[in-house]
1. Report, ordered by the first and then the second residue, all pairs with beta carbons closer than 7 Å, sequence separation of six or more or different chains, a first member in region 214-225 that is touching a residue at least 24 places away in the same chain (Cβ under 8 Å), and a second member that is in a helix (DSSP H, G or I) and among the aromatic types (F, W, Y).
2. If I filter region 128-150 down to residues being among the hydrophobic types (A, V, I, L, M, F, W, C) and surrounded by 15 or more Cβ atoms within 10 Å (Cβ to Cβ), which single residue comes out as nearest to R182 (Cα to Cα)?
3. Taking region 250-263, which residues are crowded, with 21+ Cβ neighbours inside 10 Å, assigned to a loop (DSSP other than H, G, I, E, B) and of a type in the set (S, T, N, Q)?
4. Going by the structure shown, is L210 of a type in the set (A, V, I, L, M), at pLDDT below 95, under 27 Å from T111 (Cα atoms) and surrounded by 13 or more Cβ atoms within 10 Å (Cβ to Cβ)?
5. When only residues in region 188-206 that are open to solvent by 30 Å² or more (accessible area, probe 1.4 Å) and touching a residue at least 60 places away in the same chain (Cβ under 8 Å) count, which is nearest to G218 (Cα to Cα)?
6. Being farther than 25 Å from G232 by Cα, under 33 Å from the mean Cα position of the chain (by Cα) and open to solvent by 10 Å² or more (accessible area, probe 1.4 Å) is the filter here, so list the residues in region 90-114 that pass it.
7. Could you list, in sequence order, the residues of region 167-198 that are in contact with an Asp or Glu (Cβ under 9 Å, 6 or more places away or on another chain) and within 19 Å of A113 (Cα to Cα)?
8. Restricting to region 54-75, name every residue that is farther than 23 Å from N250 by Cβ and either touching a helix residue (DSSP H, G or I) at 6+ places or on another chain (Cβ under 8 Å) or without any contact (Cβ under 8 Å) to a residue 12 or more places away in the chain (or both).
Amino acid sequence: MTDQTATAAGVSAPAADPAPDAPRPVHPAVEFFRAFARNQSAILGILLLALVLLATFLGPVLYPVDPYSMVDVPFTPPLGDYAPFGTDYLGRDILAGIIAGGRATLAVGGTAAAISVGIGILIGSLAGYFGGVMDAALMKVTEFFQILPPLLLAMVLVTIFGASLPIITVAIGAVAWPQVARLARAEFLRIRKLDYVAAARTSGARDAYLIFRVILPGALPPLVVAAGLAVGTAILFEAGLSFLGLGDPNTMSWGLIIGQNRNYLLDAWWTVTLPGVAIFITVLAISLVGDGINDALNPKLRKR
């Protein structure tokens, strides 16, 4: 019996099965955090970075020792009565110095990275968006800074303007931007040819709007990763300058501890090794988090 016959006979046809509900689209932020949470290396980096931040900012409350005070005889080994991490060449507590120095080191790393990323994005976006003569000129400037060794150029700037923490921070940021500029330029060259950018340009949008409101949001994922890596690079730069005797002697930092005790490495290994371990853990944590962000933002690597 057909459906029409059944209907004519007064018998209703069986209702068709309802179509299954279409899956709801997942918000990009939720998808990002899910992908990030699946990355075990990124979670390890988050935990290590949280440990460093807690030790740096809560350490003075839990371990209220003046990092400049002489608490014991010089070169007291770790696990002593007054200094768990030992003392340096002046008898100062290494643990107190690491706790206090973390704030300055992280401040230098974050601020210098912000300066370098800001300069890099500005130069790279202008070069990639306008192209032509401006692109060639800005890339020549970038190549000039890439030819010079960044650490050597930072040493020259610090020597000329003085070894203070603000000068060191600006010097690091002023020499570490070329890689970010090239990355931003490549992203702008790719995105400016897409249809939605052409549509915005056709509608009469100005160059500034296209650069900062249309193209830059699409170029942010790799630049965010580069910003995280720039923090670790700036921390290593500050440690290198301090190791060479160009650190700020009035501000405790991990690099300063290493620089002041570098001549006693063979006799008192802990004075250099322990702040070096703090730098290693911090840079490793930032690198792991940066890789995790990159994998979570990259659709090809998201399900890896």
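1. Close Cβ pairs (under 7 Å, with a partner that is in a helix (DSSP H, G or I) and among the aromatic types (F, W, Y)) amount to I215/Y129; I215/F188; A219/F188.
2. Restricting attention to region 128-150, the residues satisfying the condition of being among the hydrophobic types (A, V, I, L, M, F, W, C) are 130, 133-134, 136-139, 141, 144-145, 147-148.
Next, only the ones that are surrounded by 15 or more Cβ atoms within 10 Å (Cβ to Cβ) stay: 130, 138-139, 145.
Details: F130: 14, L138: 10, M139: 8, F145: 12 Å.
Checking each candidate, the answer is M139.
3. Across region 250-263, the qualifying residue is only S253.
4. When the stated conditions are applied, L210 does not pass them.
5. Selected residue: R192.
6. R92
7. Residues satisfying the conditions are I167, I168, T169, I172, P178, R185.
8. Of everything in region 54-75, those that are farther than 23 Å from N250 by Cβ and either touching a helix residue (DSSP H, G or I) at 6+ places or on another chain (Cβ under 8 Å) or without any contact (Cβ under 8 Å) to a residue 12 or more places away in the chain (or both) turn out to be L54, L58, V61, L62, F75.
The values are calculated or read from the model by the stated rules, or taken from the named source; none is laboratory data. These figures come from a predicted structure and were not determined experimentally. Note: ideal-geometry Cβ built from the backbone for every residue, glycine included; neighbour counts use all protein chains shown. These area figures cover heavy atoms from the full protein model, side chains too; ligands, DNA and RNA do not enter into them. Shrake-Rupley method; radii C 1.70, N 1.55, O 1.52, S 1.80 Å.
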